[in-house]
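Undergrad: Structure incoming, see below.
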Amino acid sequence: MERKEALYEGKAKIIYATDNPNEYLVYYKDDATAGNGAKRGTIVGKGIMNNKMSAFFFDLLAKEGIAHHYISMPSDREMLVKKLTIIPLEVIIRNVAAGSLAKRLGLEEGVPMPFPVIEYCYKNDDLGDPMLNRYHIRAMKIATDAELDEIERMSLKINDILTKFLKSKKVDLIDFKLEFGRDADGKIILADEISPDNCRFWDSDTKEKLDKDRFRRDLGNVEDAYKEMLHRLTGEA
Ligand code: C5P
């Protein structure tokens, strides 16, 4: 595999073309942003840890029949993935009230939701990723109803798999964000990453935050939280 030109640089990752027209190379950076770029910083080693955690979660999900874009990890910071057409939606699944949901609905952080709540946001930095409902998604032709049904089915199954697995590692899955794409046949495939950057992980006993909220909220011990999650998942010190 040969790395070719950079196609896109996001806040935490760079996407490169490769010599294979069906594959991209994702490079995981240590850069961290919050509030749609308003706060910027570095979490030392984050790129390596998020790459490893994402690979671990994709492997776990594949065993349960979830189609995803991950192919291999050519280096600590690089992930080879299937080329997809990304659907510009952030799919958020919430098991416990936290973050923007707690704020918007006046709920106390930590209050369990009676069932997983799914939200959609339009992936558009200029607009600040506004929230969408299924009518907006249909009107904007972002995805068809059949595709959204499949995205919701997969999201709820992913939530079940991750919640059960994480429980065995004494971690509560509070909420998380997924992204999906279409392959050449139009099949819906899980994309992006699964890491403390886009999931809220709380220690089951102490409720200590083991995710990017430590950076967003200046709670300190940011790197340690990522290291602890990697250790609980893979045993890596
Ligand atoms: O901020 P909010 O409470 O809406 O975030 C919900 C979940 O979605 C969190 O796990 C957060 O990490 C994730 N998220 C994300 N990227 C965004 C917005 C939220 O990964 N742009």
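Bear in mind these aren't lab numbers, they're just calculated from the coordinates by the rules spelled out. This structure is a prediction, so every number in the text was calculated from the model and none was measured. Reconstructed Cβ throughout: ideal geometry from the backbone, glycine too, with neighbour counts over all protein chains shown.
Undergrad: Mean projection of the alpha-carbon convex hull of the range 63-130 over all orientations, in nm²?
TA: 7.4 nm²
Undergrad: Based only on Cα atoms, what Rg/Rh ratio does the chain have, Rh being taken as Kirkwood's radius?
TA: We get a ratio of 0.93 for the chain.
Undergrad: Direction-averaged shadow area of the convex hull around the Cα atoms of the range 104-186, nm²?
TA: Projected over every direction and averaged, the Cα hull of the range 104-186 covers 7.5 nm².
Undergrad: Cα convex hull of the range 1-93: how many Å³ per residue?
TA: 121 Å³
Undergrad: Another question, if that's okay. Using 31 Å as the Cα-Cα cut-off, could you pick out the over-long pairs in Lys46/Lys141; Lys52/Lys123; Lys141/Lys164?
TA: Check vs 31 Å cut-off fails for Lys46/Lys141; Lys141/Lys164.
Undergrad: Applying a 10 Å radius around every beta-carbon, put 229-235, 199-205, 125-131 in order of their mean neighbour count, most first.
TA: In decreasing order of mean packing, 229-235, 199-205, 125-131 become 199-205, 229-235, 125-131.
Undergrad: Evaluate the relative contact order of the chain (contact order divided by residue number), counting alpha-carbon pairs under 8 angstrom at least 6 apart; express in whole percent.
TA: Reported relative contact order: 18 percent.
Undergrad: Multiplying the sequence separation of Lys187 and Glu64 by 0.36 nm and subtracting their Cα-Cα distance, what value in nm do you get?
TA: Between Lys187 and Glu64, full extension yields 42.6 nm more.
Undergrad: A 28 angstrom limit on the alpha carbon distance is what I want to check against. Which of Lys103/Lys187; Lys83/Lys167; Lys39/Lys103 exceed it?
TA: Lys103/Lys187; Lys83/Lys167
Undergrad: Using only alpha-carbon positions, what ratio does the radius of gyration of the range 167-237 give when scaled by 2.2 N^0.38 Å?
TA: 1.29
Undergrad: Along the charge dipole of the chain, Cβ charges K/R +1 and D/E -1, which of Tyr27, Met113, Asn124 sits furthest on the positive end?
TA: Met113
Undergrad: A further question on this structure: Do the sum for the chain: with -39,500 (n - 2.57) for every DSSP H run of n ≥ 4, divided by all residues, what is the mean residue ellipticity at 222 nm, to the nearest 500 deg cm²/dmol?
TA: -9500 deg cm²/dmol
Undergrad: What is the calculated FRET efficiency for Ala38 to Asp126, with r their C-beta to C-beta distance and R₀ = 25 Å, to the nearest 0.05?
TA: Approximately 0.95, to the nearest 0.05.
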